[in-house]
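Please read the structure below before turning to the comments.
The values are calculated or read from the model by the stated rules, or taken from the named source; none is laboratory data. Small disclaimer: the values here were computed from a predicted structure and weren't measured. We place every Cβ from the backbone using ideal geometry, glycine too, and count neighbours over all the protein chains shown.
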Amino acid sequence: MSFDHLREGAGPERRHRIWSKLRMWVAALGTLGSAAGIAIAVTGLVEFNHTKVIAGVAVILVCTAVYVSILVRDRNRVD
């Protein structure tokens, strides 16, 4: 799917709908990724594996940043 095509041929309602669905999927992936990061960190804690804990925390931070970036949007932008 080309986003240039969306800007040229699609109406504002269609663009808004597509961007809303895209934001929903990215937010869902961010949430599920954070849950996976928590699981990795907890597994590392149980096994006393410092590397796994650090990896789990890194996954949590990256996924949280992705989730927050989807929630924060430019209010002046027209979809």
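When VAL66 is tested against (1) β-branched (Val, Ile, Thr); (2) exposed (fewer than 13 other Cβ atoms within 10 Å of the Cβ); (3) in contact with a Gly (Cβ under 6 Å, 6 or more places away or on another chain), only condition (2) is not met. Only helices (runs of 4 or more DSSP H) whose full extent lies in the chain are considered here, and the ones with at least 1 residues that are charged (D, E, K, R) and modelled with pLDDT of 80 or more are 12-46, 50-71. Selection of the stretch 37-51 for residues being without any contact (Cβ under 8 Å) to a residue 24 or more places away in the chain and under 28 Å from TRP25 (Cβ atoms) yields ILE38, ALA39, ILE40, ALA41, VAL42, THR43.
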